[in-house]
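See structure below.
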Amino acid sequence: MSALDVVGGVTEVEKQIDPNGKEIIPGCVVRLVKPMKAYHVQCAGKILKDKVFIPAPEGESPATKCLELPSGLRGIVVFPYDMSNYDASQPIIVKFSPGLNCDEEGYDTPVQFSMHFESSEVERVD
């Protein structure tokens, strides 16, 4: 079925499905399935395996300054784009907030930020 198939007079939209076959919907909690880098976040550094945040060294080049995100970091889906209306290469927007959704693996982000992902980069955990 394509993104714009019509079934019974109703246009079906393409759903975002995670690697485990779960639908990604607004408000659901997702986790990163692999480490990633966020270059747009104002707080550069990395979150270590022992869950400690280490800021980036002073004087680091802006081209390499980023927040390194560990696999397992959790956030809330704000909005998955309807791929039948938009041509978004990374259609899932996830919001990460300090102190929220860090219960299972325990990773916490030092600042609040949002980031776009492909459905293969996150998995639903709720």
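The values are calculated or read from the model by the stated rules, or taken from the named source; none is laboratory data. All values derive from a computational prediction rather than experimental measurement. Cβ atoms come from the backbone with ideal geometry, glycine included; neighbour counts cover every protein chain shown. With ligands, DNA and RNA removed, areas are computed over all heavy atoms of the protein, side chains included. Shrake-Rupley method; radii C 1.70, N 1.55, O 1.52, S 1.80 Å.
Some notes on this structure:
- Selection count where residues are closer than 19 Å to residue 114 by Cβ and either among the polar types (S, T, N, Q) or within 13 Å of the chain's Cα centre (by Cα) (or both), scope the range 11-40: 17
- Those strands (runs of 3 or more DSSP E) lying entirely in the range 1-94 with at least 1 residues modelled with pLDDT of 85 or more and more than 17 Å from residue 107 (Cα to Cα): 74-80
- So residue 97, is it open to solvent by less than 30 Å² (accessible area, probe 1.4 Å), under 22 Å from residue 50 (Cβ atoms) and either modelled with pLDDT of 90 or more or under 9 Å from the mean Cα position of the chain (by Cα) (or both): yes
- Looking only at the range 101-126, residues that are over 12 Å from residue 77 (Cβ atoms), assigned to a strand (DSSP E or B) and either open to solvent by 50 Å² or more (accessible area, probe 1.4 Å) or of a type outside the set (A, V, I, L, M, F, W, C) (or both) come to 0 in all.
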